[in-house]
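Participant: Sending over a structure as structure tokens; questions will come in a sec.
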Amino acid sequence: MAVLFIIPALIFVTLFMYYPIVQTFIYSFFSLHRTADWLNAQFVGLQNYIAVMKSEAFRGAFGFTLYYTVMTVAFELAIGLGMAIATFSVHPRLRGILRAVLVVPWAIPPIVSAMLWRWLFHADAGIFGYLLMATGLVSRPPAFLTDPTLAVHSIIVASVWKNASMMGILLLAGLASIPQDIYDAAKVDGARTWFRFRRVTLPLLLPTILVTVLFRSLWALRMFEESYGLTGGGPGTTTDTLSTFAYKYFFTYARFGVGSAYAMVIFLMVVMVAIVYVNRVKGNLRFKE
Amino acid sequence: MKARSIFRMILAGLLILAVLTACAPATPQVVEKVVEKPVVQTVVVTKEVPVEKKVVETVVVPEKRTQLSFAGHQYFNMSFGPAPAPLEYMRQVVAEKYPNIDIQLIMQPLDANKWHDNLTTYWMAKDPTVDLLYVVGYWITEFAEAGWLMPLDDKVDPALLAKYDPAYLDIFRHNGKLVALGPAWGGIGGLYYRKDLLEKYGLKPPETYDDIIAACDTIRKDNPDLGCWDWPAMRNVVLVNRWSEFLHGFGGTYFNKDGTCAMNSPEAVNALEFMTMLFKKGYTPQEALSWKEEDANVRFVSGQTIFFTGRQDLLFWIDDPAKSKIVGKWGFIPNPAQPGGRHAGFPEFWAFAVSAYSDNPEEALKVLELWGSLPTMKNFNLAWGPIQGHSDVYTDPDVLKANPNLPLIEEIAKTAIPPLPSANYGEITDLLQAQIHSALSGQISPKQALDDACAAIDVIEKGP
């Protein structure tokens, strides 16, 4: 009976998840330009993968995406945890309002959020440049989106603003699942606030933290809109992301073979990250027998 | 307990309602019959009426309707002049002449890169979603080479084609075959300058790039906060358009006669070195590297800068005091050129085409002819401004009245340069965007950027 219930989901997942992956894998061994007819295309073996590995631009995009992922996830976790604890500590009535406020940045579509930040970073009209000038820290607005170092970190700031709240919401749910009597027992034992946070909250929240970090890392590795909307990948190729490559080869260049090889390499990276996290999470989850 | 009773009462009520509904007399069905040809039938119906008279009723059988999808952008729903928004007018003329054809707009992104990618995605899947499309001249080689556009020469009325300027039609030809009709609207790059400031300092409008630098140095001595020269340099396709003007202005070209890349020639390197210098020395602000066209437009019309390179469409509202602070204080001339180079304006001319995968090619061609005729082209002019390919537009009194700057535009139009002629236009320009932007932002030298670009372009064009 259980198998019958699983079949519809299995068909759905096979059709819409595994079939495209298999098809992309097949495409990656063929020379396909402006056509996806691989049966009549030239088989090129690993040539497309070699082109991917040789691409300097791809290595640059890989470096940026990795740096972006580490930085955004770390900051979002720290800020999200702070938000969750602050929200959890207030009166339950106020908690509902705070939860709604928290979800707003996350609910804004990524490309709209990128446009909003483009204006905030704008040299003539942007508030950040104005504030820095008004406080006398700089004599002219910094080139937030055109200086390579500033551009990378501007994207990270915009991304942290948008996604920290999502982290906060998920961690808030984790906090709510920690039984109050454990805190009460800790208090009776004389544990102070910091000790209770370190020895009760954090260990019991760890499974939620790991799952949240896993999901956010996977999203971050596939980041596209923030970079596209804020800098268009510039200055130069500084903020090109891994996803940009697969997109361009598929849709702008119409080279399905090389595009598929890029997509497969990105897919394997994401899978590896997922495996590491899942193994870590498994050890911290206590399943009921 | 109480809740359960209420639930039971609601359930019983719903059951009674269901039984009553089932017992009710059947609702008469309305069936719409679709026939192939539009005909008006007269049917004589005999009815028994109280006065016992025979009544004759005329029944119009509904005709088959064709829906044509048109890929255009949001501006088709907007007008910037005295005429209605183009799409409204285009639908109106179709409804008048072909009442059985409906036009549906398939909205495309304003970003030309995204628009290009949308269209190619449809075509690579041989998808008939798009029947008619608005297409820019620099996509023609790529789209026509792939066989995605329907050839028009022997399908469009020769009398209508004769009304079009042959030079404009050539933009939409590939290997001698016409694949789009237009332009319905066109943009071309030129140099805007602050006439009042140049006159104040006794300077002539610049002829060469060096003249611009000299003028800026003179004027900014007294006005250090004034910008020198703004132009959009964000990493997108417009950057390549602007760069093409510099390239030709310094005497460069895209390809050698043998088809190899010439974009790293000494002239081309000089052009990119000059562009890089503009940023290094502050003639163009570094922020311009993240500017789209509208960012640079706004700075010029708000009086923040002396020179601005952009399309002629700014002329349509540059003297509107509600939008501009430089009413009557500007001039518009062809882009400068160094000795040995040519004054060059990059044309962004847009025309109508029919998709090779359209399910309704005959209807699409009829509509294309209608949209290419004088009334629609005149409406484009009055709604969006010049440039139109239909020559009769420029003798129309309404057009002449609405376009006092027409002679200026004609001068700029003479400087039109061809777009990069490649069947891999999307790929090559994307590569150029990255390389040029890397040089402008000081990450690699101009020579290195162009050498790398040419090495990759030769591989793309001729294979490894």
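Participant: Quick one: how many residues across the range A:28-54 are away from chain B (no Cβ under 14 Å) and either surrounded by 15 or more Cβ atoms within 10 Å (Cβ to Cβ) or assigned to a loop (DSSP other than H, G, I, E, B) (or both)?
Facilitator: 7
Participant: Please report, ordered by residue number, the helices (runs of 4 or more DSSP H) entirely within the range A:173-242 with at least 1 residues that are buried (at least 16 other Cβ atoms within 10 Å of the Cβ) and in contact with a Leu (Cβ under 7 Å, 6 or more places away or on another chain).
Facilitator: Because the criterion is at least 1 residues that are buried (at least 16 other Cβ atoms within 10 Å of the Cβ) and in contact with a Leu (Cβ under 7 Å, 6 or more places away or on another chain), the helices (runs of 4 or more DSSP H) in the range A:173-242 that meet it are A:202-221, A:225-230.
Participant: Still on this structure, I have one more. Which of the helices (runs of 4 or more DSSP H) contained wholly in the range B:356-464 include at least 1 residues that are within 12 Å of chain A (Cβ to nearest Cβ) and not small (Gly, Ala, Ser)?
Facilitator: Filter on the range B:356-464 gives B:425-440, B:446-462.
Participant: Is it fair to say A:Thr252 is surrounded by fewer than 22 Cβ atoms within 10 Å (Cβ to Cβ) and at the interface with chain B (Cβ under 9 Å from one of its Cβ atoms)?
Facilitator: Against the criterion (surrounded by fewer than 22 Cβ atoms within 10 Å (Cβ to Cβ) and at the interface with chain B (Cβ under 9 Å from one of its Cβ atoms)), A:Thr252 qualifies.
Participant: Looking at B:Thr276, B:Thr260, B:Thr253, can you tell me which residue is within 14 Å of chain A (Cβ to nearest Cβ), more than 20 Å from the chain's Cα centre (by Cα) and over 20 Å from B:Ile219 (Cα atoms)?
Facilitator: Selected residue: B:Thr276, the only one of B:Thr276, B:Thr260, B:Thr253 that is within 14 Å of chain A (Cβ to nearest Cβ), more than 20 Å from the chain's Cα centre (by Cα) and over 20 Å from B:Ile219 (Cα atoms).
Participant: Those residues that are of a type in the set (D, E, K, R) and either closer than 20 Å to A:Leu230 by Cα or in contact (Cβ under 8 Å) with a residue 40 or more places away in the chain (or both), I need them from the range A:127-180; list them, please.
Facilitator: Within the range A:127-180, A:Asp147, A:Lys162 meet the criteria.
Participant: Determine if the range B:156-174 includes at least one residue that is closer than 30 Å to B:Trp229 by Cα and of a type in the set (Gly, Ala, Ser).
Facilitator: No - not one qualifying residue is present in the range B:156-174.
Participant: Next question. What's the number of the condition A:Ala158 fails, among (1) surrounded by 18 or more Cβ atoms within 10 Å (Cβ to Cβ); (2) among the small types (Gly, Ala, Ser); (3) modelled with pLDDT under 90; (4) in a helix (DSSP H, G or I)?
Facilitator: Against the list (1) surrounded by 18 or more Cβ atoms within 10 Å (Cβ to Cβ); (2) among the small types (Gly, Ala, Ser); (3) modelled with pLDDT under 90; (4) in a helix (DSSP H, G or I), A:Ala158 comes up short only on (3).
Participant: Oh, and also: Do you know which residues across the range A:120-131 are facing another protein chain (nearest Cβ under 10 Å) and either within 22 Å of the chain's Cα centre (by Cα) or among the aromatic types (Phe, Trp, Tyr) (or both)?
Facilitator: Passing the criteria: only A:Phe121.
Participant: So which helices (runs of 4 or more DSSP H) stay within the range B:123-207 end to end and still have 3 or more residues that are in contact (Cβ under 8 Å) with a residue 40 or more places away in the chain?
Facilitator: Once the helices (runs of 4 or more DSSP H) in the range B:123-207 are filtered for at least 3 residues that are in contact (Cβ under 8 Å) with a residue 40 or more places away in the chain, what remains is B:140-145, B:166-171, B:195-200.
Participant: Suppose the filter is in contact (Cβ under 8 Å) with a residue 24 or more places away in the chain and under 21 Å from the mean Cα position of the chain (by Cα); does B:Trp330 pass it?
Facilitator: no
Participant: Name the residue, out of B:Phe332, B:Phe352, B:Phe380, that is aromatic (Phe, Trp, Tyr), at pLDDT 95 or above and farther than 28 Å from B:Glu142 by Cα.
Facilitator: Unique residue meeting the criteria: B:Phe332.
The values are calculated or read from the model by the stated rules, or taken from the named source; none is laboratory data. What you see is a predicted model; the values in this text were computed from it and never measured. A quick note on method: Cβ atoms are made from the backbone with ideal geometry, for glycine too, and the neighbour counts reach across all protein chains shown.
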